Amino acid sequence: MASAVLLEGLHIPLTTPFNADGSVALDKLARNVTRYSKTPTAGLIVLGPSGEPTLLSDDETRDVLRTAAEAAAPEKVLLAGIARDSVRSVLALADFAAEHHYDAVLVGVPSTFPSTRSDAQARQLLTYFRAIADRSPLPVILRSTHACPISTDEIVELAVHPNIIGAIAGPFGAIATGSETESILRRTASLKREVVVTTTFAAVTARMKLVAEAAPTLVSAASLTGSATAIAEPPALTSSLRTRIKSVGFQLITSNTPKMLEPLNAGAAGIAPAFAAAAPQACYEIYAAWKDGDQPLAEEKQERVRHAARIGNEVVGIDIGRLKYACDLNGYAAGLPRLPHLPPTGEQRAALEALMQGLRN
């Protein structure tokens, strides 16, 4: 089975920028990823729900995954959204993500399954996830959305698979609230996995290991001079990466922008609000204040983001067109969404400009 990875911290769900002619703007994506890599985010989610993954062809999907991996800083955890309806198609993309040194894959419910499932359909869904996890070269993270939710019971049942290391959901998924998060963690408390971390307990990514393996070692001074005379020299460096092992449980990530603190207080490992693509620093400050144990400051930061992030539909979640415009306002080139998603109206743009005024960076 693939090695697990630490999922603590903020993970930014990337948008997919398009050119005026509708083609994928890979150059803009690369610039966005480079800029996001300079923020204190722990990781980047490529082709999550706000990346419009179902609107991309297989070739476009591979181009986006490759471009993001090449532009990302080595220390950022990379999660690849590989939403497809068939096990075969998902595994083909999982292999591609592994070749480009991603750290885990996000796998959601196929579009062929209804949100409310019969017992037979539930068994089929569990088989789908297990078949992928059995053969995936990367750890699997379950992805639950409003349109295609994974129930708490299903998450708990799948969590025992050694290659399924966590789940991400919200704002209407199984870990959207503190009580749901607490229930899943309580029921999976016996599950423990070991992850490799740095000496400061940050995640060690696949690309960090690659860089360390490629690091040159010091050459002996004697071998260069041919001298047998003893010369004081430092020991050869076998690797610049120093690591340790940390034990973690089943890791949950909430993407509930208005209510990130509830799941965190209940034990969630990280956050991945869609709004982080437009205001990564503001979202990170919520996590940082919570991590420091300053609940009043965390709540103050949460309220600030909650007010500004009114760019979605309360029933179905984030509005891609408005989210992309908010990204543009902060200098992250997102552009227009792909049909059938629509850009914001003039009135909506004016409202977004007012809401984002205090979060410009």
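In table form, for the structure just shown:
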| read-out | value |
| --- | --- |
| Dipole magnitude (debye, nearest 20) for the stretch 41-186, charges at Cβ of Lys, Arg, Asp, Glu | 240 |
| For the chain, built as a Gaussian network whose Cα springs stay under 10 Å, the top-fluctuating residue of ALA83, ALA147, ALA69 | ALA147 |
| Directionally averaged projected area (convex hull, Cα atoms, the chain), nm² | 21.1 |
| Computed magnitude of the charge dipole of the chain (debye, nearest 20; Cβ of K, R +1, Cβ of D, E -1) | 280 |
| The chain, relative contact order [Cα under 8 Å, separation at least 6], % | 19 |
| Charge dipole (debye, nearest 20) of the stretch 106-157; +1 at Cβ of Lys and Arg, -1 at Cβ of Asp and Glu | 160 |
| For q = 0.10, 0.24 Å⁻¹, Debye-computed log10 I/I(0) when each Cα of the stretch 1-113 counts as one equal scatterer | -0.27, -1.49 |
| GluC sites (Glu not before Pro) within the stretch 1-80: DSSP coil, no more than 16 neighbouring Cβ in 10 Å | GLU75 |
| Cβ-based charge dipole, the stretch 21-82, positive-most Cα from VAL24, ALA71, THR39 | THR39 |
| From the C-alpha gyration tensor of the stretch 1-59, square roots of 5λ in Å | 24, 16, 9 |
| Using distinct alpha-carbon pairs, which all enter the 1/r mean, Kirkwood radius of the stretch 149-199 in Å | 11.8 |
| Added length on full extension, which subtracts the Cα-Cα distance from 0.36 nm per residue, HIS307 to ASP58 | 85.9 nm |
| Set of lysines with alpha-carbon distance to LYS259 below 18 Å, sequence-local pairs under 8 removed | LYS291, LYS301 |
| Gaussian network model of the chain, springs between alpha carbon atoms under 10 Å - residue of VAL160, VAL305, VAL140 with greatest fluctuation | VAL160 |
| Gain on full stretching of the segment that runs from ARG31 to ALA214 - 0.36 nm per residue minus C-alpha separation | 63.4 nm |
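Here, each number is a calculation from the coordinates, and none is a lab measurement. Only a predicted model underlies this, so the values are computations on that prediction, with no experimental measurement involved. Positions of Cβ are generated from backbone atoms using ideal geometry, with glycine treated the same way; all protein chains shown enter the neighbour counts.
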